Amino acid sequence: MINFYKTSEGELSRLDSPVTGSWINVVDPTLEEIAFLTEEIGIFPDLINYSLDLDEMPRIERDEDEGYTFILLRIPHYRGENVDVPYATIPLGIIIVGGVVVTVCRHETDIIKPLLNGKYRGLKTGKRYRFVLYVFLETASRYLAHLRDINKTTEGLEDQLQKSTRNREVLELVKYQKSLTYFATALRSNEVMMERVQRMKLFNQYDEDADLLEDVITENQQAIQMTSIATEILSGMMDAFASIISNNLNGVMKALAALTIIVSLPGTVAAFFGMNVALPGEAHPLAFLIVFGIAIALTATVIFIFYKRDWF
């Protein structure tokens, strides 16, 4: 899917074809669309393939002879609660070539939607490098938003784990630990790429762009710190709750053992007095009630002892 946009009078408008100063948003392109980008826009097929390769790492390439700048980001991608890794990262390619800026991604992403919805008032497709900075900024913002969601989810799992004797909640935490690992790797790679962009001074044409790049790097560092903190907390939580689950299970086994002893006492008393031999008091008219009372008294005594020892 290919869409064309251009800022006009402060608003982002959709176009039928690309023009100078426009933005081309590409999502999971077909072979025909890749051919269009190659032949009509002048993008090398390798750059598109890099953007669609889910294992590509962030980097920047600039070729003044060919007239293009290629930037690859790792952006957060929410895959749903019922998958092995709810939050992963995917590559987003940004290509500046021939007076246009092109974004290429394998999946629909939340990074693009705020740009289309007018979140950033200063966004202008004609200022291509500033547009790239807004993509950087939104990427860092989405990482922070997803980290808050992960923290909220793990807090809910923490409440469940305190009474759990199963592994389901721990396995849920493992899923989010994997997500944090992906986030940490991608954020550090993005930081290296952004620092290289800063050293190349691509965004120094306007003072506002240089300041915005500083803000982007700061946001990215904040996301790195939050990811590191969340990872440490989650690792400690998993270690602690592994012990809690074991203790909860031991408590259940202790209660079952105590209940087994209590239930067996009346049967033991009845077995003694039910033997086919002469027993003291067997001719007494209240013999049954006496035996029943002995069983109740013995059971009550054991229950009291177990209660005092906190076996329930």
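The values are calculated or read from the model by the stated rules, or taken from the named source; none is laboratory data. Please read these numbers as outputs of a predicted model, since none were measured by experiment. All Cβ positions, glycine included, derive from the backbone under ideal geometry; neighbour counts span all protein chains shown. Just so you know, the surface numbers come from the protein's heavy atoms only, side chains and all, with ligands and any DNA or RNA stripped out. Shrake-Rupley method; radii C 1.70, N 1.55, O 1.52, S 1.80 Å.
Contact map, the stretch 93-113: residues that are on the phi > 0 side of the Ramachandran plot paired with residues that are charged (D, E, K, R), Cβ distance under 9 Å, separation 6+ or inter-chain. Pairs shown: GLY99/ARG128. Contact annotation: residue pairs with Cβ atoms under 7 Å, 6 or more positions apart or on different chains, pairing a residue in the stretch 1-24 that is closer than 14 Å to LEU116 by Cα and assigned to a strand (DSSP E or B) with a partner that is β-branched (Val, Ile, Thr) and open to solvent by 40 Å² or more (accessible area, probe 1.4 Å), are LYS6/VAL19.
Conditions tested, residue by residue: (1) of a type outside the set (Lys, Arg); (2) open to solvent by 20 Å² or more (accessible area, probe 1.4 Å); (3) not in a loop (DSSP other than H, G, I, E, B).
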position	(1), (2), (3)
ILE90	yes, no, yes
VAL102	yes, no, yes
ASP110	yes, yes, no
LYS113	no, yes, yes
ARG130	no, yes, yes
THR139	yes, no, yes
ARG142	no, yes, yes
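If you go through the stretch 179-221 and keep only what is free of Cβ contacts under 8 Å to residues at least 40 places away in the same chain and either of a type outside the set (Lys, Arg) or closer than 16 Å to LEU147 by Cα (or both), you end up with ARG188, GLU191, GLU195, GLN198, ASN204, ASP207, ALA210, ASP211, GLU214, ILE217, THR218, GLN221. Of the listed requirements (1) of a type in the set (Asp, Glu); (2) outside any loop (DSSP other than H, G, I, E, B); (3) modelled with pLDDT under 85, ASP46 misses just one: (3).
If you filter the stretch 59-84 down to residues that are basic (Lys, Arg) and more than 11 Å from the chain's Cα centre (by Cα), you find that the one that is nearest to PHE44 (Cα to Cα) is ARG62.
Scanning the stretch 20-37 for residues that are exposed (fewer than 15 other Cβ atoms within 10 Å of the Cβ) and at pLDDT 85 or above yields a count of 5. Scanning the stretch 51-72 for residues that are open to solvent by less than 20 Å² (accessible area, probe 1.4 Å) and either more than 18 Å from MET193 (Cα to Cα) or assigned to a strand (DSSP E or B) (or both) yields a total of 6.
Among the residues of the stretch 297-312, those identified as modelled with pLDDT of 75 or more and open to solvent by less than 90 Å² (accessible area, probe 1.4 Å) are ALA297, LEU298, THR299, ALA300, THR301, VAL302, ILE303, ILE305. In the stretch 164-174, of all residues being surrounded by fewer than 17 Cβ atoms within 10 Å (Cβ to Cβ) and part of a helix (DSSP H, G or I), the one that is modelled with the highest pLDDT corresponds to VAL174. Screening ILE75 against (1) open to solvent by 30 Å² or more (accessible area, probe 1.4 Å); (2) β-branched (Val, Ile, Thr); (3) at pLDDT 85 or above leaves a single unmet condition, (1). The residue that is most open to solvent (accessible area, probe 1.4 Å), among those in the stretch 187-212 that are at pLDDT 85 or above and touching a helix residue (DSSP H, G or I) at 6+ places or on another chain (Cβ under 8 Å), is ARG188.
Restricting attention to the stretch 8-44, the residues that are at negative phi, of a type outside the set (Val, Ile, Thr) and under 32 Å from the mean Cα position of the chain (by Cα) total 4.
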